[in-house]
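Have a look at the structure below before the remarks.
A short reminder: the numbers here are calculations on the coordinates, not readings from a lab. What you see is a predicted model, and the numbers here were worked out from it, not measured in a lab. Methodologically, a virtual Cβ is constructed for each residue, glycine included, from the backbone with ideal geometry; neighbour enumeration extends over all protein chains shown.
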Amino acid sequence: MVSFRHAIELGADAIEFDVQSTGDGHLVVIHDMSLDRTTDGHGPVFASRFDEVRHLDAGSWFDAEFAGMQVPTLAEVLSLDAVEFELELKSYGRAFVDQALAEVDAAEALDRVEFTGSNMPLLLLLQRLEPRARIGLFSPPQAAWMSDEVYEHHVVGVAETSGADVIHVPARCITRLIVDRLHDLGKAVHANDAADTSEVRRARSAGADRLSTNDVAMAIAALEGATER
């Protein structure tokens, strides 16, 4: 929660996070499937009880300053005001989808949420259950064997029949042609994982609708610099 609030203070207008279900059916916001790297706990999130997860230290792994920070719940994150959410689904099954939709509905946040994930059948199920929901498709990075023409053909071809509303393309791979063709299909385009100033400016030049990065201050400075030019 500290990092989310800090990103908003820096000027981010949306935050991305991963949602998983504990073994007893509570939705928590944590990246890894295992507790080991980012908490002082052990084992899979899906095999742990909610009360166990909530008593873990989820801050010390990053810096001693954040010792004692808890793994947040989905409801806690959705309580943040004046910001949009990219909610990546990392659990499975109908019950998980139902609960995620219920919590988003309880927070009256559906119009501020984009649902993403690597499990497209799960996302399509969610969209069938809630037709107003926006879902996003992750495009892979450009493989070494792919020419620009082949990569563009692949990204656009998959997007056309995906059912997704938003197409994510790595910022380092995005091009104006990809963006234009996706726009022609009625898709919004998200340039993801911009690592440095050049990738931020590449995404802007290509005409991407949205941009994500781990370094909010860098991205804002890069965009402001490009505007001044």
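Brief remarks follow.
- Spatial separation of Cα centroids for the range 93-118 and the range 135-198, in angstrom: 24
- Under 5 Å, built H, 5+ apart or other chain: amide partners of THR116: LEU87, GLU88, LEU89, GLY136
- With kT/(6 pi eta Rh) evaluated at 25 °C and eta = 0.890 mPa s, and Rh the Kirkwood radius from Cα pairs, the range 1-136 diffuses with a coefficient of 160 µm²/s according to Stokes-Einstein.
- Listed peptides 139-147, 114-122, 6-14 by packing density, highest first (mean Cβ within 10 Å): 114-122, 6-14, 139-147
- Cα-based helix-to-principal-axis angle, 148-160 vs the chain, degrees rounded to 10: 60
- In the range 1-136, a dipole from Cβ-located charges (positive for Lys and Arg, negative for Asp and Glu) runs towards its positive end, and of VAL83, SER34, HIS55 it is SER34 whose Cα lies farthest in that direction.
- Across the range 178-229, C-alpha contacts under 8 Å between residues 6 or more apart give a mean separation that, scaled by the residue count, equals a relative contact order of 36 percent.
- Rh (Kirkwood; distinct C-alpha pairs) - the range 74-152, Å: 13.9
- Using a cutoff of 8 angstrom between alpha carbon atoms and counting only pairs six or more residues apart, the relative contact order for the chain works out to 13 percent.
- Cut-off under 5 Å, modelled amide H: who pairs with GLU16 long-range: GLU86
- Contact order normalised by residue count of the range 1-136, Cα under 8 Å, 6+ apart, percent: 21
- Placing +1 on the Cβ of every Lys and Arg and -1 on the Cβ of every Asp and Glu, with nothing else charged, gives the range 1-121 a dipole about its Cα centre of roughly 360 debye.
- Charge dipole (Cα centre; +1 on Lys/Arg Cβ, -1 on Asp/Glu Cβ; no other charges) of the chain amounts to roughly 580 debye.
- Whole-number D in µm²/s for the chain (Stokes-Einstein; Kirkwood sum over Cα pairs; 25 °C, 0.890 mPa s): 131
- Principal-axis analysis of the Cα atoms of the chain puts helix 120-129 at an angle of about 80° to the longest axis.
- Rough spin-label spacing in nm, given labels placed 7 Å along Cα→Cβ, for ASP209 and ASP148: 2.4
- Based on the Stokes-Einstein relation at 37 °C and a viscosity of 0.692 mPa s, and on the Kirkwood radius from alpha carbon pairs, the range 116-229 is assigned a translational diffusion coefficient of 224 µm²/s.
- Cut-off 20 Å, label 7 Å out along Cα→Cβ of ALA221, residues of the range 173-197 by amide N: 193-197
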